[in-house]
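S.K.: Below is a structure I'd like to ask you about.
Computed from the coordinates by the stated procedures, all read-outs in this text should not be read as laboratory data. This structure is a prediction, so every number in the text was calculated from the model and none was measured. Cβ placement follows ideal geometry from the backbone for every residue including glycine, while neighbour counts extend to all protein chains displayed.
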Amino acid sequence: MGERVKPRALIIHGTIGCGKTRRALELAERARQRGYRVLGLVSLRVVEDGETTGYTGVDLASGEGFPLVKLTSLAEGSDWRRLGEWKYSFSDAGFQRANAVLEEAAEALDAETVVVADEYGHIELRGMGIHRGVARAAEALERGGCLVVICRTDKVEALVEMLPEAAAVQVAEADDPDFWGGLRDWFN
């Protein structure tokens, strides 16, 4: 593993359920195998009786999970916030923790670190959710390192705009059959 000439950003995108988080987890494992430190956050879908009932955030450094999103019908307590007409409610404490994980990862970002942020979505475009943590990681990318952000396809352009001009940006579809072939040069 050598020093990177430029910081790198990878945006993995696709539709709901196409394997974006699975790709992020695979990439994190490949990075670890190549000696990189992997930090950040993935959001794992919670499925009960075939229905998505929420998402759990997982800190990639510690492996600890915490609730982020639940069906409003299952969200009990004052920590859960409903936004608009969406069927999901959002955990204030969960998103505070998710942003803290991403901000700590941004502080640690260097040439031997990969930071993962899953998923930049509708609420992030409104400045909520993990927007603050992703923005901090994007700023930190100026120092070098690798940032991997997961999003739906319609969020790619907004993410590219957040990244520093100095970053080498690659965009990959999660369900592309040649996903790994397209990333041959991702890890030196």
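S.K.: How large is the dipole of the chain about the Cα centre if only Lys and Arg carry +1 and Asp and Glu carry -1, each at its Cβ, rounded to the nearest 20 debye?
M.R.: 120
S.K.: Can you tell me the orientation of helix 92-108 relative to the chain, as the angle in degrees between its alpha-carbon axis and the longest Cα principal axis, to the nearest 10?
M.R.: Rounded to the nearest ten degrees, it is 10.
S.K.: Listing V148, V115 from the residue with the fewest other Cβ atoms within 10 Å to the one with the most, what is the order? Mind showing how you got there, number by number?
M.R.: Details: V148 26, V115 30.
Listed from fewest to most nearby Cβ atoms, that is V148, V115.
S.K.: Then there's this: Estimate the FRET efficiency between T53 and R184 by the formula 1/(1 + (r/R0)^6), using the beta-carbon distance for r and 45 Å for R0, to the nearest 0.05. Intermediate results must be reported in sequence, preceding the final value.
M.R.: Values: r = 38 Å, r/R0 = 0.84.
Once the sixth-power term is evaluated, E becomes 0.75.
S.K.: Taking the Cβ of E29 as the center, what net charge do the other residues with Cβ under 12 Å away carry, scoring Lys and Arg +1 and Asp and Glu -1? Provide the component values of the computation, followed by the final result.
M.R.: Numbers: positive: R22, R23, R30, R32, R34; negative: E26.
That works out to +4.
S.K.: How charged is the neighbourhood of G181? Take every other residue with its Cβ under 15 Å from the Cβ of G181, and add Lys/Arg as +1 and Asp/Glu as -1.
M.R.: Values: positive: R23, R30, R184; negative: E26, E173, D175, D176, D178, D185.
My count for the surroundings of G181 gives -3.
S.K.: Say the dipole of the chain comes from +1 at the beta carbon of Lys and Arg and -1 at that of Asp and Glu; which of A61, V156, W80 then lies farthest toward its positive end?
M.R.: A61
S.K.: Along the charge dipole of the range 1-138, which of Y120, G94, H13 sits closest to the positive end, that is, farthest toward it, with unit charges on the beta carbon of Lys, Arg, Asp and Glu (+1, +1, -1, -1)?
M.R.: Highest projection toward the positive end goes to H13.
S.K.: Using the alpha-carbon atoms, what tilt in degrees (0 to 90, nearest 10) does helix 131-140 show relative to the longest principal axis of the chain?
M.R.: Helix 131-140 sits roughly 10 degrees off the main axis of the chain.
S.K.: Right, next: What do you get for the angle between helix 20-33 and the principal long axis of the chain? Use alpha-carbon atoms, 0 to 90 degrees, nearest ten.
M.R.: Computed tilt is about 40 degrees.
S.K.: Search the structure for amide H atoms under 5 Å from the amide H of V46, placed 1.01 Å from N in the peptide plane, and list their residues when 5 or more places away or on another chain.
M.R.: Close amide H contacts, sequence-distant or interchain: T53, G54, Y55, T56.
S.K.: To continue, here is another question. What's the center-to-center distance, using Cα atoms, between the range 134-188 and the range 5-51 in Å?
M.R.: 11
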